Amino acid sequence: MNTILTAFIALLILKYATSTILDVLNMRHANSKSAEVPETFRDFIDLPTYQKSVAYTVSKTRFGLVNDLYDTIILAVVVLSGLLPWLYSALSTVFGFGTWGQALVLFLVAVLLGLPGLPFEWWSTFRLEERFGFNKSTQKLWLMDKVKGFLLGFVIGYPLLAVLIFLVSSAGDLWWLWGFSVFFVFQLVMVVAYPMFIMPLFNKMEPMEEGELKQRLFALADRTGFKAQTILVIDGSKRSGHSNAFFSGFGRFRRIVLYDTLIEQMEHEELEAVLAHEIGHYQMGHIPKMIALSAVTTFGMFALLGWLAEGTWLAAAFSFSEDVSGEFVPVLLLFMLLSGLLTFWLSPFTSLWSRKHEYEADAFARDAMDSAEPLIRALRKLHRENLSNLTPHPTYSRFYYSHPTLLERERSLLQ
């Protein structure tokens, strides 16, 4: 066995072992505290609801453990069995080795490799989420979402892949720099285009109805220096009982979106606090910072891809024939499949940065509301209604959580 294959197997086992240990730690930690509601949370959650949240955490974790094992086996089989070179060769024979043919090969391989995961997606929606009362979707709607996703992926992804392959053949040794530029501009466009044009293909997004709530939210936006043209309400209840709010876009394209489930669950003052938190992300410059981080990450990935594409050793190590081992597409296929083994280890750092932003947005909301209490009440309702894990294992939350735990946020708000 060559060194590259040995490294792949070692990284695959290490990633799987680490994620499994973290999941088991978190599950056992939640189970150990299920007998009674921790004293800190007794003011807002009763024992049956708390135990239901623990059961939800345990069920999701067990499901995730099976899914992770399945994904690990699938990746090992695809990479080590020779299936990937065979699939690439078979599709290239049909569609050719030209720019558009190879782009189609890339797209189809990605689609085919995604098919084994569909049963788990279905089970998550119609068994796990259904069991805990969250699923509102239908089989037809779920299937239509998959079809729409495939068509969007083809319309957007296929030409983008063709542009990248064209740059490799025409832009010289620095093709990867041009590729980074194209993809980064595409990311910027999608920050604006996704909520404006793509999300409405899946969900109805409408301006908030006239009334007291809208007046209060716009008054809040005015006094916090956020000149909002509209606040949108999304029909998240069409698919799920989970509630949320988010901010997207920048400049005059910025949008704040509230789930209809969130509006149903919260009082007006609590919704004001949620909106103040989202405005805080904007006023604290979090979106430009995240875009900058994405630019650095994307640049690094393209630089690595450019280096890998210079030689034939990577494709040859994974059984691609000598005729194609020097081609770009086999290297890109392997890069797409294997990069997760490395980016997994970046999770604690990106999570830490994201949690810092959440603390800052919380502090902004507290100051905007002249009190921490409305946001604390809103956060407690979010955690209770979503059956969030109130007692995650500290190591697990530090590794994965993009938001601080409820207890951490309350402590920070009350300082």
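Of the numbered conditions (1) without any contact (Cβ under 8 Å) to a residue 24 or more places away in the chain; (2) under 21 Å from L177 (Cα atoms); (3) within 23 Å of the chain's Cα centre (by Cα), M336 fails exactly one; give the number of that condition.
Looking at each condition in turn, M336 falls short on (1).
Would you say L69 is without any contact (Cβ under 8 Å) to a residue 60 or more places away in the chain, buried (at least 16 other Cβ atoms within 10 Å of the Cβ) and within 22 Å of G117 (Cα to Cα)?
no
Condition first: of a type in the set (G, A, S), closer than 25 Å to Y88 by Cβ and surrounded by 15 or more Cβ atoms within 10 Å (Cβ to Cβ). Now tell me which residues in segment 101-133 satisfy that.
G101, A103, A110
Considering segment 150-174 alone, what residues qualify as being without any contact (Cβ under 8 Å) to a residue 60 or more places away in the chain and small (G, A, S)?
G153, G157, S170, A171, G172
For the structure I just gave you, tell me whether P348 is assigned to a helix (DSSP H, G or I) and over 25 Å from the mean Cα position of the chain (by Cα).
Here the answer is no, as P348 does not meet what is asked.
Which of the residues that make up segment 73-100 are over 18 Å from F320 (Cα atoms) and either touching an Asp or Glu at 6+ places or on another chain (Cβ under 8 Å) or crowded, with 17+ Cβ neighbours inside 10 Å (or both)?
T99
Within segment 227-238, identify whether any single residue is more than 27 Å from S137 (Cβ to Cβ), in contact (Cβ under 8 Å) with a residue 40 or more places away in the chain and loosely packed, with under 15 Cβ neighbours inside 10 Å, and answer yes or no.
No, segment 227-238 has no match at all.
So which pairs qualify, if the first residue must be in segment 7-30 and within 19 Å of L342 (Cα to Cα), the second must be hydrophobic (A, V, I, L, M, F, W, C) and not in a helix (DSSP H, G or I), the Cβ gap must be under 9 Å, and the two must be at least 6 apart or on different chains?
Qualifying pairs under 9 Å: F8/F318; I9/M1.
Please count how many residues of segment 388-415 are surrounded by fewer than 17 Cβ atoms within 10 Å (Cβ to Cβ) and under 25 Å from S237 (Cβ atoms).
1
Yes or no, residue by residue, for (1) free of Cβ contacts under 8 Å to residues at least 60 places away in the same chain; (2) crowded, with 18+ Cβ neighbours inside 10 Å; (3) over 30 Å from E269 (Cβ atoms):
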position: F318; (1), (2), (3): no, yes, yes
position: G326; (1), (2), (3): yes, no, yes
position: V329; (1), (2), (3): no, yes, yes
position: L375; (1), (2), (3): no, yes, no
position: N386; (1), (2), (3): no, yes, no
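For the condition out of contact with any Leu (no Cβ under 8 Å at 6 or more places or on another chain), surrounded by 15 or more Cβ atoms within 10 Å (Cβ to Cβ), more than 28 Å from L352 (Cβ to Cβ) and at pLDDT 90 or above, what is the one hit in E269, E212, E264?
Among E269, E212, E264, only E269 is out of contact with any Leu (no Cβ under 8 Å at 6 or more places or on another chain), surrounded by 15 or more Cβ atoms within 10 Å (Cβ to Cβ), more than 28 Å from L352 (Cβ to Cβ) and at pLDDT 90 or above.
For segment 1-99, please list each of the helices (runs of 4 or more DSSP H) lying entirely inside it that holds at least 1 residues being at pLDDT 95 or above and more than 27 Å from V329 (Cα to Cα).
Qualifying helices (runs of 4 or more DSSP H): 3-32, 47-80.
The values are calculated or read from the model by the stated rules, or taken from the named source; none is laboratory data. It should be emphasised that the depicted structure is a prediction, and the values quoted were computed from it without experimental measurement. Every residue, glycine among them, receives a Cβ derived from its backbone with ideal geometry; neighbour counts consider all protein chains shown.
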